[in-house]
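*Asks:* Please see the structure below; I have some questions.
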Amino acid sequence: MLARQMTMGLGAWVLALGVAACGKQSAEASPPPEGEAGATAPTAAVAAIGQPAPDFTLKDLDGNAVTLSSFKGKTVVLEWFNPDCPFVVRQHDEGPLETMAADLIENGVVWLAVNSGAPGKQGAGIERNKKAVTEYALPHPVLLDESGAVGKQYQARNTPGMYVIDEAGILRYMGAIDNAPRGTPPEEGFRNHVAEALADLAAKRAVRVAETKQYGCTVKYVD
């Protein structure tokens, strides 16, 4: 399977993806979500490449508060998550997300899933996400953003939506996990955008593809 062929540890990601990348991925995307942000996020800053990643505090599924800025000094990956989105299901069952988080966590990367689904919406709620942790064998926290404040701050449009933050807390990548929205790579070959961004950071060079269009299910924000 394509996904299983792309599964490897962090060191291998860096070596395999050290080749220069160029251009932006034009995958499927949905229009930005509308509506007012809630009070979950502490500032009105909007996520932008090359700028400090907006700080936030959200609760995990056990009710523990998790603050982004507490991980300064480590590379952080944010994954916008909806366990019932078909794109998320495919990615976690047979795509790069099947084992990528576990491989990276073993090598010191922090991985946080964020679910911005409103109560009653598809894939939302503590119980559904607790089941998803078991279903997908997730090795990382799932944080609930039911007001949608953090998701809107990060301009999260689709699940899965991906963000890479460097050790200094600067946002270095935002967009899609890869260039295969339907699971079939294009003629030019498969690209794991997150792995490439992490390889660039590990090599102490600028991230060469810093932003792509997200694809997947629309984030299920409050109406």
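*Asks:* Would it be correct to say that Arg172 is among the basic types (Lys, Arg) and over 13 Å from Val77 (Cβ atoms)?
*Replies:* no
*Asks:* Can you tell me which residue in region 94-111 is nearest to Tyr154 (Cα to Cα), limited to those that are touching a residue at least 40 places away in the same chain (Cβ under 8 Å) and not in a loop (DSSP other than H, G, I, E, B)?
*Replies:* For region 94-111, the residue satisfying everything is Leu97.
*Asks:* Listed residues Ala197, Ala210; which is modelled with pLDDT of 95 or more, surrounded by 20 or more Cβ atoms within 10 Å (Cβ to Cβ) and in contact with a strand residue (DSSP E or B) (Cβ under 7 Å, 6 or more places away or on another chain)?
*Replies:* None of the other options fit; the residue is Ala197.
*Asks:* Further question: Any residue in region 175-188 that is within 20 Å of Phe71 (Cβ to Cβ) and of a type outside the set (S, T, N, Q)?
*Replies:* no
*Asks:* Now for a separate question. Just to be sure, is Gly63 of a type in the set (Gly, Ala, Ser), closer than 15 Å to Gly169 by Cα, modelled with pLDDT of 95 or more and surrounded by fewer than 16 Cβ atoms within 10 Å (Cβ to Cβ)?
*Replies:* No.
*Asks:* Being closer than 18 Å to Val207 by Cβ, surrounded by 21 or more Cβ atoms within 10 Å (Cβ to Cβ) and more than 15 Å from the chain's Cα centre (by Cα) is the filter here; which residues of region 164-190 pass it?
*Replies:* Scanning region 164-190 gives no hits.
*Asks:* Another question about this same structure. Between Val114, Val88, which is assigned to a helix (DSSP H, G or I) and in contact (Cβ under 8 Å) with a residue 12 or more places away in the chain?
*Replies:* Of Val114, Val88, the one residue that is assigned to a helix (DSSP H, G or I) and in contact (Cβ under 8 Å) with a residue 12 or more places away in the chain is Val88.
*Asks:* Within region 213-223, track down each residue that is surrounded by 19 or more Cβ atoms within 10 Å (Cβ to Cβ) and hydroxyl-bearing (Ser, Thr, Tyr).
*Replies:* Of everything in region 213-223, those that are surrounded by 19 or more Cβ atoms within 10 Å (Cβ to Cβ) and hydroxyl-bearing (Ser, Thr, Tyr) turn out to be Tyr215, Tyr221.
*Asks:* Just to check your reading of the model, which residue among Tyr154, Tyr221, Tyr163, Tyr136 is touching a residue at least 24 places away in the same chain (Cβ under 8 Å) and over 23 Å from Gly63 (Cβ atoms)?
*Replies:* Of the residues listed, the single one that is touching a residue at least 24 places away in the same chain (Cβ under 8 Å) and over 23 Å from Gly63 (Cβ atoms) is Tyr163.
*Asks:* Any idea which of (1) of a type outside the set (A, V, I, L, M); (2) crowded, with 21+ Cβ neighbours inside 10 Å; (3) at pLDDT below 95 is the one Cys85 doesn't satisfy?
*Replies:* With (1) of a type outside the set (A, V, I, L, M); (2) crowded, with 21+ Cβ neighbours inside 10 Å; (3) at pLDDT below 95 applied to Cys85, the lone miss is (3).
*Asks:* Out of Ala3, Ala53, report the one residue that is surrounded by 13 or more Cβ atoms within 10 Å (Cβ to Cβ) and modelled with pLDDT of 50 or more.
*Replies:* Only one candidate qualifies: Ala53.
*Asks:* Go through the residues of region 35-44 one by one and say whether even a single one is modelled with pLDDT of 95 or more, assigned to a loop (DSSP other than H, G, I, E, B) and of a type in the set (Gly, Ala, Ser).
*Replies:* no
*Asks:* Another question, if that's okay. Looking at region 134-145, can you tell me whether even one residue there is more than 12 Å from Val77 (Cα to Cα), of a type in the set (A, V, I, L, M, F, W, C) and more than 16 Å from the chain's Cα centre (by Cα)?
*Replies:* Yes, region 134-145 contains at least one residue that is more than 12 Å from Val77 (Cα to Cα), of a type in the set (A, V, I, L, M, F, W, C) and more than 16 Å from the chain's Cα centre (by Cα).
The values are calculated or read from the model by the stated rules, or taken from the named source; none is laboratory data. Predicted, not measured: the structure shown is a model, and the values here were computed from it. So basically every Cβ, Gly included, is an ideal-geometry build from the backbone, and we count neighbours across all protein chains shown.
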